[in-house]
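Undergrad: Provided herewith is a single structure, encoded as structure tokens, for subsequent inquiry.
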Amino acid sequence: MPNRCQPTACGNSVVTEEHAPIWIAEERDLVAKLRDRKMAPHNREQLETELEDVRRITRKFTDA
């Protein structure tokens, strides 16, 4: 959805510990979707890009 704020691209976006479970769940969901071997290459590429963006956020909460 291009109209939603993208924390990796928007300087006004703030992600806190309170938001972490939502972003971690999003990461897990994307990983699960990418397991589908029948997915069209353009869809896979789109999800992989989204996963990279999500991991830029979740890394702050999962890396010790």
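The values are calculated or read from the model by the stated rules, or taken from the named source; none is laboratory data. None of the values given here were measured: they were computed from a predicted structure. Positions of Cβ are backbone-derived with ideal geometry, glycine not excepted, and every protein chain shown enters the neighbour counts. For the accessible areas, the whole protein counts, side chains as well, though only heavy atoms, and no ligand, DNA or RNA atoms are used. Shrake-Rupley method; radii C 1.70, N 1.55, O 1.52, S 1.80 Å.
Undergrad: Can you name every residue in region 1-20 that is surrounded by 11 or more Cβ atoms within 10 Å (Cβ to Cβ) and either assigned to a helix (DSSP H, G or I) or not hydrophobic (A, V, I, L, M, F, W, C) (or both)?
TA: Within region 1-20, GLN6, PRO7, THR8, SER13, HIS19, ALA20 meet the criteria.
Undergrad: Tell me whether region 51-61 contains one or more residues that are outside any helix (DSSP H, G or I) and open to solvent by less than 40 Å² (accessible area, probe 1.4 Å).
TA: From region 51-61, those outside any helix (DSSP H, G or I) are none; that's our starting set.
The answer is no; no qualifying residue exists.
Undergrad: Another question, if that's okay. For region 21-35, what are the residues that are more than 11 Å from ARG55 (Cβ to Cβ) and open to solvent by less than 70 Å² (accessible area, probe 1.4 Å)?
TA: ALA25, ASP29, ALA32, LEU34
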